[in-house]
1. Considering only Pro111, Pro85, Pro100, give the residue with the highest GNM mean-square fluctuation for the chain, with springs between Cα atoms whenever their separation is below 10 Å.
2. Taking only Cα atoms and a 10 Å spring cutoff, compute GNM fluctuations for the chain and point out the largest among Asp62, Asp29, Asp105.
3. Apply 1/(1 + (r/R0)^6) to the Cβ-Cβ distance of Lys51 and Gln136, taking R0 = 35 Å, and write down the FRET efficiency to the nearest 0.05.
4. Past the 17 angstrom mark, what percentage of all C-alpha to C-alpha distances in the stretch 15-144 do you count?
5. DSSP beta bridges in the chain, what fraction antiparallel, as a percent rounded to 5?
6. In a GNM of the chain with a 10 Å cut-off on Cα contacts, which of Glu72, Glu118, Glu87 has the highest mean-square fluctuation?
7. Grab the beta carbon distance between Leu76 and Arg31, set R0 = 35 Å, and tell me the FRET efficiency rounded to 0.05.
8. Could you pull out every one of the lysines with an alpha carbon less than 17 Å from that of Lys51, ignoring same-chain neighbours closer than 8 positions?
Amino acid sequence: MFPAVVETKARSDDMKQVLANSYNTIDSDVRDIHSIKTDFSGTSLCTVLIKGKNICAANVGDSRAFLISSTEILPLTKQQRPDDPQEHARITQTGARVLPLKDLDGRVNGPHRVWLPEIDFPGLATSRSIGDYKLQQFGVNHEP
């Protein structure tokens, strides 16, 4: 159903496009599996493509990739959260709300989340995902 390895003859400068195309395929395949309820549920995804000495990493959501050597740890990706200024702007311009979850006393109780414009639902704590299709009209997408 989903390819474990994406084979490509792409040059290293095409690696980003190869990963973006893979994310499009995966998102489309997940949407087509009607037994999976993905209107308000989804997943994060993180991939690393290595071609020769070139490394290209991509992710959606809060999954991360690191390159670890004996002397350093290099982050290859960053979490995509709704409180990131660029993600926040992209999402709120669609009418969605980005606010932290609050407890009954009004105190912040968790990270910022994506909420529908008029109701406190679904409260997604990432700004990108595979699935979560009802939120796509409100800026949540699967673009790495």
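We did not get these values from a lab; they are worked out from the coordinates using the rules stated. From a predicted model like this one, the values you see are computed outputs, not experimental measurements. With ideal geometry, Cβ positions are generated from the backbone for all residues, glycine too; neighbour counts draw on all protein chains shown.
1. Taking springs between Cα atoms under 10 Å, the residue moving most is Pro85.
2. Asp105
3. The formula returns an efficiency of 0.70 here.
4. Looking at the stretch 15-144, the distances longer than 17 Å represent 62 percent of pairs.
5. Percentage antiparallel, nearest 5: 95.
6. Glu72
7. The computed FRET efficiency comes out at 0.80.
8. Result set, ordered by chain and number: Lys9, Lys16.
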